[in-house]
1. Hey, could you check the range 1-15 for residues that are more than 8 Å from the chain's Cα centre (by Cα) and without any contact (Cβ under 8 Å) to a residue 40 or more places away in the chain and say which is nearest to Arg33 (Cα to Cα)?
2. Out of all the residues in the range 19-57, which are more than 21 Å from Ile3 (Cα to Cα) and at pLDDT 90 or above?
3. What is the residue count in the range 52-68 for residues that are part of a loop (DSSP other than H, G, I, E, B) and either of a type in the set (Phe, Trp, Tyr) or surrounded by 12 or more Cβ atoms within 10 Å (Cβ to Cβ) (or both)?
4. Can you name every residue in the range 22-51 that is outside any strand (DSSP E or B) and over 14 Å from Ile12 (Cα atoms)?
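The values are calculated or read from the model by the stated rules, or taken from the named source; none is laboratory data. Bear in mind that the values here come from a model prediction, so they are computed numbers and not experimental data. When we count neighbours, we look across all protein chains shown, and the Cβ atoms used for this are built from the backbone with ideal geometry, even at glycine.
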Amino acid sequence: MLIIQIKKDLRIIPTKYAWETQEFKVYNGSISRWEGIAHNGTLNNAFIYIREKLMRESDRETLSDTYRYVENLITEAVRSHTDFIQSLISCRGHEKINKYINELELAEIE
């Protein structure tokens, strides 16, 4: 399963019907788990949600510092999956990629 790790406690995963943004939550110091906080129909919308969330929650002093911080996080997350994306493009073609990104039927990609 593709997991796009943004930060140690924030990630995007595909589900059957949506791209789910998840946060890692710890309860009472003993129970911890990943919880869904947003569902987006496309991967692009999931990244938009993440960008807005990180911008709102940032403790940086200036908007410029916040923007650079958030863009660096997202760039690194995407860069870590570049090899996967390139192999998908070269082996599967445009139609399969659209199916993968928009329909999330991961099991059908062969």
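1. Checked the range 1-15; the qualifying residue nearest to Arg33 (Cα to Cα) is Asp9.
2. Met55, Arg56, Glu57, listed by residue number.
3. Count: 2.
4. Correct list: Asn28, Gly29, Ser30.
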